[in-house]
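Colleague: I have a structure I would like to understand better, so I am pasting it below and will then ask my questions one at a time.
The values are calculated or read from the model by the stated rules, or taken from the named source; none is laboratory data. Keep in mind that what you see is a predicted model, and the values were worked out from it rather than measured. Cβ: placed from backbone, ideal geometry, glycine included. Neighbour counts: every protein chain shown. What goes into the accessible areas is simple: the full protein's heavy atoms, side chains included, and nothing from ligands, DNA or RNA. Shrake-Rupley method; radii C 1.70, N 1.55, O 1.52, S 1.80 Å.
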Amino acid sequence: MPRQLEWTRRAVLRLAWVGVIAASALTIEPLVQYLTSKEDRLQSTLVGYSKPLDVNSDWQNTANARVWVKRDSLGVMALVATCTHLGCEVHYHVEKKEWLCPCHGSIYDLEGRPISGPALKALPRVAVELKPDGSLIINTSKQVGMDTRV
Amino acid sequence: MKDQKNFVHHIRPIFVPSKALSVLYTFCLGGVSFLAFVVLGVTGLLLMFHYQPGNSTGFSSLLTLASVIPYGGMIRNLHYWAGQLMVVTVNLHMLRVVWTHSYKPPKQLNWLVGVALLMLILFLDFTGYLLIGSQESGAAATVAVNILGLIPGLGIGLAQVLFGEPSAISGSTLVVYVWHCFALPMIALFLQLYHFWRIRRDGGVRPL
Ligand code: HEM
Ligand code: FES
């Protein structure tokens, strides 16, 4: 008869060590991914908009960004649709002409001023630059006042 | 305990009082608190690789961390829940010490060390909450600064040293960051090591 493997406390604990080491090895790849991720590197703060923008148009969304643009009789303006409460993306409600936040229900008027909910500050306006060909360059890192038009 | 001369014997003693092994005596609440502290240290260190302290950057760097960095959400949540757990277990640990009358001599000094640790952990929890940099953490920082400001003479300076200049809508300042991620954990770590050493010096865990 071959020697029977005996499940002593010592043997079980030794097996547990193997388990601990194996589990630790499994964390190496996720750790490397986490530590080497560059997703939060600063990206360009410039956003472009090249479609025609009529006077007294409604808010228009730029591609791939939370930036919205609009033109009134005084000029062009740009707004960032990030809730000033805790940073969720607010959605523009075309019929109501209001901005609604899905997270805690903040509501902003057409101009982005808070009407109700926990948010206290207006949606940020950012600088717009008009290029000769009529397209827009929006600089999201440069905040401007509510009345600024280009 | 003459045979526990070196550090290895201190970590793995040849004998321990049987009460110290009885789960129903300590409920291992101090041990669980220490485990939570270790988890907090490891996950906190990892958070520091992507967190950017500051009134305007703290909140957005956490949003990015939790939503686009691989495993960032998991690490943030581990840190958050270990923090919640530690506050609960530290309080229960103190209640157990009261229940078994373990604050009495010769353990009165270790009781005081424990009270200091409790205060430190609560303050760590509070500074961590400020680091979120949300509107709520800004409100919390403002309240704390205003309460400290009521202390005659010292108050305003003390608030500066502890919190820097938080804005009303974000509590994340470099000052809070340094306290939370370095100074307080270091003080808490050394006090804990002293706490454990004193247990042995006071004769180990046993009913008085
Ligand atoms: C030892 C006890 C500790 C406690 C009780 C504690 C507690 C907390 C709490 C409650 C938060 C807020 C997390 C959230 O609500 O999302 C936080 C955040 C943070 N802590 Fe700690 N912490 C501790 C230790 C540490 C250590 C040792 C480090 C670094 C070495 C650290 C680094 C951080 C960072 C960078 C944040 C901001 C990230 C976030 O909010 O998730 N913490 N901490
Ligand atoms: S994040 Fe918009 S209401 Fe809270």
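Colleague: Which one of B:GLY73, B:GLY58 is out of contact with any Cys (no Cβ under 8 Å at 6 or more places or on another chain), within 14 Å of chain A (Cβ to nearest Cβ) and within 16 Å of ligand 2 (Cβ to nearest atom)?
Modeller: B:GLY58
Colleague: Any residue that is aromatic (Phe, Trp, Tyr) and touching a helix residue (DSSP H, G or I) at 6+ places or on another chain (Cβ under 8 Å) - is there at least one of those in the range B:1-22?
Modeller: Scanning the range B:1-22, I find no residue that is aromatic (Phe, Trp, Tyr) and touching a helix residue (DSSP H, G or I) at 6+ places or on another chain (Cβ under 8 Å), so the answer is no.
Colleague: Another one. Kindly indicate which of B:VAL90, B:VAL68 is open to solvent by less than 50 Å² (accessible area, probe 1.4 Å) and more than 16 Å from ligand 2 (Cβ to nearest atom).
Modeller: Matching residue, one of B:VAL90, B:VAL68: B:VAL90.
Colleague: Looking at the range B:1-31, which of its residues are free of Cβ contacts under 8 Å to residues at least 60 places away in the same chain, in a helix (DSSP H, G or I) and either within 23 Å of B:ILE121 (Cα to Cα) or touching a Phe, Trp or Tyr at 6+ places or on another chain (Cβ under 9 Å) (or both)?
Modeller: Residue satisfying the conditions is B:GLY31 alone.
Colleague: Here is a further query. Taking the options B:GLY128, B:GLY83, B:GLY171, name whichever one is within 14 Å of another protein chain (Cβ to nearest Cβ) and surrounded by 14 or more Cβ atoms within 10 Å (Cβ to Cβ).
Modeller: It is B:GLY171.
Colleague: Now for a different question. Name the pairs whose Cβ atoms lie under 8 Å apart, with the first residue in the range A:72-86 and within 14 Å of A:ILE138 (Cα to Cα), the second within 11 Å of ligand 2 (Cβ to nearest atom), and 6 or more positions between them or separate chains?
Modeller: Final answer for the pair search is A:LEU79/A:LEU123; A:VAL80/A:LEU123; A:ALA81/A:GLU89; A:ALA81/A:VAL90; A:ALA81/A:HIS91; A:ALA81/A:TRP99; A:ALA81/A:LEU123.
Colleague: Spot the failing condition for B:LEU45; the list is (1) near ligand 1 (Cβ under 7 Å from one of its atoms); (2) more than 23 Å from B:VAL115 (Cα to Cα); (3) touching a residue at least 12 places away in the same chain (Cβ under 8 Å), and only one is missed.
Modeller: (3)
Colleague: A further question follows. Tally the residues that are within 7 Å of ligand 2 (Cβ to nearest atom) and more than 13 Å from chain B (Cβ to nearest Cβ), restricting the search to the range A:95-124.
Modeller: So the answer is 1.
Colleague: Which residue is modelled with the lowest pLDDT, if the candidates are limited to the range A:28-52 and must be open to solvent by 70 Å² or more (accessible area, probe 1.4 Å) and among the β-branched types (Val, Ile, Thr)?
Modeller: Per the stated criteria, the residue is A:THR36.
Colleague: Which of the residues belonging to the range A:100-147 are free of Cβ contacts under 8 Å to residues at least 40 places away in the same chain, under 16 Å from the mean Cα position of the chain (by Cα) and assigned to a strand (DSSP E or B)?
Modeller: Once the filter is applied, which keeps residues that are free of Cβ contacts under 8 Å to residues at least 40 places away in the same chain, under 16 Å from the mean Cα position of the chain (by Cα) and assigned to a strand (DSSP E or B), the range A:100-147 yields only A:LEU100.
Colleague: Could I ask something else about it? Would a scan of the range B:103-118 turn up a residue that is more than 12 Å from the chain's Cα centre (by Cα), away from ligand 2 (no atom under 16 Å from the Cβ), of a type in the set (D, E, K, R) and over 18 Å from B:THR26 (Cβ atoms)?
Modeller: No: the range B:103-118 contains no residue that is more than 12 Å from the chain's Cα centre (by Cα), away from ligand 2 (no atom under 16 Å from the Cβ), of a type in the set (D, E, K, R) and over 18 Å from B:THR26 (Cβ atoms).
Colleague: Name the residues in the range B:115-168 that are touching a residue at least 12 places away in the same chain (Cβ under 8 Å) and either on the phi > 0 side of the Ramachandran plot or touching a Cys at 6+ places or on another chain (Cβ under 6 Å) (or both), would you?
Modeller: B:GLY133, B:GLY164
Colleague: Can you confirm whether the range A:11-18 contains a residue that is in contact (Cβ under 8 Å) with a residue 12 or more places away in the chain and loosely packed, with under 15 Cβ neighbours inside 10 Å?
Modeller: Looking through the range A:11-18, none of the residues is in contact (Cβ under 8 Å) with a residue 12 or more places away in the chain and loosely packed, with under 15 Cβ neighbours inside 10 Å.
Colleague: On to the next question. Which one is nearest to ligand 1 (Cβ to nearest atom), of the residues in the range A:102-141 that are open to solvent by 40 Å² or more (accessible area, probe 1.4 Å) and of a type in the set (A, V, I, L, M, F, W, C)?
Modeller: Restricting to residues being open to solvent by 40 Å² or more (accessible area, probe 1.4 Å) and of a type in the set (A, V, I, L, M, F, W, C), the top hit is A:CYS103.
Colleague: Look at the range B:37-55 and say how many of its residues are assigned to a loop (DSSP other than H, G, I, E, B) and either within 11 Å of chain A (Cβ to nearest Cβ) or in contact with a Phe, Trp or Tyr (Cβ under 8 Å, 6 or more places away or on another chain) (or both).
Modeller: So the count comes out to 5.
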